[in-house]
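The values are calculated or read from the model by the stated rules, or taken from the named source; none is laboratory data. Remember, it's a predicted structure, so these values are computed and weren't measured experimentally. Backbone-built Cβ (ideal geometry, glycine too); neighbour counts: all protein chains shown. In case anyone asks, the SASA skips ligands and DNA or RNA and just uses the protein heavy atoms, side chains included. Shrake-Rupley method; radii C 1.70, N 1.55, O 1.52, S 1.80 Å.
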Amino acid sequence: MKYPISIFALLILQTTKGLAGNFPEEAWGSRYLKDVPRAIAYVESRTPGLIVEPPPEDDSETTASELKFLKSLAQSRHSRDIILIHKENLDPLKRFFEVLQVSRIESPKLDALIGRIAEESYLPIIYFKHKFSRIRPYQLDTNLLTVIDGPPHPSYPSGHATQGFLVASIIAELFQAGDPRISQVMELGKAIGTRREAAGVHYPSDTAAGVALAKQLKPILMN
């Protein structure tokens with residue numbers, strides 16, 4: 001997902017760092033907060049069977065372990081990781097064209113397909129982000145260094161992980177069994193999510209929840 005963030009939202013995020021609890025409503029980007037009612041209506045009417053388990057509590061051993069893991073990732077980031085984190089922060093789904101070595105202009109049907117997948121998965125992602133309202137890892141632990149600015153919406157589930165895995169798994173259906181491009185797109189689909197962990201803006205459990213949501217959305221979109 002592409003996440004524009006206002007200066008106002010950034011200031012709010014800075015003032016709420018280190019506070020356990022729900023992601024503050026005032027820190028939401030106006031675009032995303034405006035879409036919450038639409039997301040609720042969409043999921044309840046069109047995809048009522050979607051299930052995402054609640055995230056670990058802020059004070060749980062799981063969260064403490066995840067924060068420790070994220071700090072270790074922050075210390076081992078390479079320059080290539082940082083470059084890809086910035087590229088995927090701006091336009092994660094564009095990376096599929098790079099891996100497949102095709103251009104959007106030359107592949108309008110693929111471009112339309114990826115755009116449709118992103119559009120259809122956006123509201124379910126916003127729905128669950130609003131439902132669980134999980135604060136970002138760097139908000140809970142201010143010693144965690146991030147590569148990019150924090151997105152102006154809750155952490156769980158990861159939208160990048162959801163859309164990355166969903167796009168990859170659907171594109172993989174276009175190729176015959178054994179085509180090396182299948183492993184290439186699936187590897188990218190997973191990496192788009194895990195690199196958000198390396199960036200310091202998502203917990204591993206955010207990523208896992210995003211993949212779980214993508215697996216539920218895939219048959220719905222395929223139909």
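Couple of notes before you dig in:
- Accessible area of residue 145 (1.4 Å probe, protein heavy atoms only, ligands and nucleic acids ignored): about 120 Å².
- The charge dipole of the stretch 180-223, taken about the Cα centre with unit charges on the Cβ atoms of Lys, Arg (+1) and Asp, Glu (-1), comes to about 140 debye, rounded to the nearest 20.
- Among 50, 93, 67: highest mean-square fluctuation, GNM of the chain, C-alpha pairs under 10 Å: 50
- For the chain, size of Cβ-based charge dipole, Lys and Arg +1, Asp and Glu -1, in debye: 420 debye
- The distance between label points at residue 190 and residue 172 comes to 0.9 nm (points 7 Å beyond Cα on the Cα→Cβ vector).
- Cβ-defined net charge surrounding residue 207, 9 Å radius [Lys, Arg +1; Asp, Glu -1]: 0
- Projecting the Cα atoms of 118, 198, 101 onto the charge dipole of the chain, computed from C-beta unit charges around the Cα centre, puts 101 farthest toward the positive end.
- Across the stretch 170-179, coupling constants 3J(HN,Hα) worked out from phi with the 6.51/-1.76/1.60 Karplus curve, θ = phi - 60°, read 7, 4, 4, 5, 7, 9, 6, 4, x, 5 Hz, and Gly and Pro carry x.
- Helix 79-90 vs. the chain, principal-axis angle (Cα, 0 to 90°, nearest 10): 80 degrees
- Between helix 7-16 and the chain: long-axis angle, C-alpha atoms, 0 to 90°, nearest 10: 50 degrees
- Proximal charge balance of residue 105 [Cβ under 13 Å; K/R count +1, D/E count -1]: +1
- GNM top mover of 205, 72, 155 - the chain, alpha-carbon springs below 10 Å: 72
- Most positive-pole-ward Cα, 180, 222, 39, against dipole of the chain from beta carbon charges: 180
- Amide H partners (placed H, <5 Å) of residue 134, local residues excluded: 23, 155, 156
- Whole-angstrom Cα spans of the stretch 30-110 along principal axes, big to small: 49, 44, 26
- Applying a threshold of 21 Å to the alpha-carbon distances of 94/131; 68/129; 87/129; 109/218; 68/218; 129/218 flags 94/131; 68/129; 87/129; 68/218 as lying beyond it.
- Dipole-positive endmost among 79, 162, 209 within the chain (Cβ charges, Cα centre): 79
- Adding -39500 (n - 2.57) for every DSSP H run of four residues or longer, then dividing by how many residues the chain holds, sets the calculated 222 nm ellipticity at -20500 deg cm²/dmol.
- Once the Cα atoms are used to define both axes, helix 180-198 deviates from the longest principal axis of the chain by about 10 degrees.
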